[in-house]
Amino acid sequence: MAPMSFIDTTAKYDGEQRRTLLEIATRSIAHGLERGIPLEVDPADYPQPLRAIRATFVTLEMAGNLRGCIGVLEAFRPLVEDVAHNAFAAAFEDPRFPRLRPTEFAGLDLKISILTPAEPLTFASEAELLSQIRPGIDGLILQDRRHRGTFLPSVWEQLPDPVDFLEHLKRKAGLPGGYWSNSLRVLRYTSESFGKHDPNDQAGDSA
């Protein structure tokens, strides 16, 4: 097996590479329906950009409604492997939804988001935090002690106002609306996202 590559946060993926990743995700879900386990891929079979160590999320929708979304925030394995495992997990291991049924497979809309490493924001108040958030660009990770939650940049499509975005993220992390603490930490990242029907889609790319 070829050696794994380090993270390249400047990488952009062309149409062929995006189609390859979308095909891997689709095949992993099909493999899960047939055998109950993720598709195993060998990074050595793919070009260097697809062997880089990257963190991804895979989002599944049906008829415009969320059907599963699973990913990782910290990169630890080759991109092709991360996509295969997260696609399987989104279909069969998202605790918010039942396992995907074979009859649902053909109707899935699939999106892959490739994340940049998260960087912490420095702030002394909620107003200062809000002034640093870039709507439509930033994904956020919110942490406070045992509480943790994240929103991908694509969530700005449903929550375009930064105040609403942050409040909903607090609730996702299990914190009440209006919550504030000096121990609150927020990190941000960007993503390059593309979907099943248009792998050249640039929506959600980092700026």
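What follows draws every value from the coordinates through simple rules; no lab data is involved. Keep in mind it's a predicted model, so treat the numbers as computed, not measured. Don't worry about glycine lacking a Cβ; one is built from the backbone with ideal geometry, like all the others, and counts go over all protein chains shown.
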### Query
Lysine pairs in the chain 8 or more apart or on different chains: how many have alpha carbons under 22 angstrom apart?
4
### Task
Treat the count of other C-beta atoms within 10 Å as a stand-in for reagent exposure and order HIS85, HIS147 from fewest to most.
HIS147, HIS85
### Task
Could you give the DSSP H helices of the chain that reach 18 angstrom or more along their long axis (alpha carbon positions) and whose average Kyte-Doolittle hydropathy is no lower than 0.5?
79-92
### Query
With a 10 Å Cβ neighbour count serving as the proxy for reagent exposure, in which order, fewest first, do ARG19, ARG51, ARG101 appear?
ARG101, ARG19, ARG51
### Task
Return the sequence-ordered ³J(HN,Hα) values of segment 180-196 in whole Hz as given by the Karplus equation 6.51 cos²θ - 1.76 cosθ + 1.60 applied to θ = phi - 60°, using x for Gly and Pro.
8, 8, 5, 8, 5, 10, 10, 10, 10, 8, 10, 9, 9, 10, 7, x, 4
## Note on the structure
Going fewest to most other Cβ atoms within 10 Å around each Cβ, GLU167, GLU40 line up as GLU40, GLU167
### Cβ-Cβ FRET estimate between TYR179 and PHE97, R0 fixed at 30 Å, reported to 0.05
0.65
### Query
So, counting K/R as plus one and D/E as minus one, what does the shell of residues with Cβ under 11 Å around ARG77 add up to?
-1
### Task
Read through the labelled values (1) 10.4; (2) 14.7; (3) 11.8 and report the label of the one computed as mean projected area of the Cα convex hull in nm² from the structure.
(3)
